[in-house]
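The numbers here are math on the coordinates, done by the rules we state, and not lab data. No experiment lies behind these values; they were computed from the predicted model shown. In this analysis, Cβ positions are derived from the backbone assuming ideal geometry, glycine residues included, and neighbour counts consider all displayed protein chains.
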Amino acid sequence: MEHVRNLKSLSRLVLIIVIGVILNVAACESTPPVQEMSDARQAIAVAKKAGAEEHAPYHLQSAEDYLASAKEANNERAYNRARRDAKQARMKALDALHESEKATGKDSQEN
């Protein structure tokens, strides 16, 4: 009898954990990536200011393409894809910034 009671308690615990995970995943999917989009836009602006259009056009274009994709996904309420693409846009913009700084002899730690 005690074994059955323990099994029921364990089953309830597993069910609670599964429901928690599902709710957490659903919350991520239902929340627009406002901060990630802002971070990407800011990183692109900084890269442009550092001369990325001239010194790192490939990385800059890639960043802008990812941001455009993130905007489209955001409009479609595909928030996980939008979040992922916004993060990629930021990373590509940072790559463009670093390439620009290398090309102009500036070090990002000096700023």
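3J(HN,Hα) couplings calculated from phi for segment 38-52 with the Karplus curve 6.51 cos²θ - 1.76 cosθ + 1.60 (θ = phi - 60°) are, in sequence order, 4, 4, 5, 4, 5, 5, 5, 4, 5, 4, 4, 4, 7, x, 5 Hz; Gly and Pro show x.
The GluC sites (Glu not before Pro) of segment 31-86 that DSSP puts in a loop, and whose beta carbon has at most 10 other beta carbons within 10 Å, are GLU76.
Spin-label model, LYS102 to LYS49: label points 7 Å out along the Cα-to-beta-carbon direction sit 2.3 nm apart. Once the Cα-Cα distance is subtracted from the 0.36 nm per residue extended length, the MET91 to GLN35 segment shows a gain of 18.7 nm.
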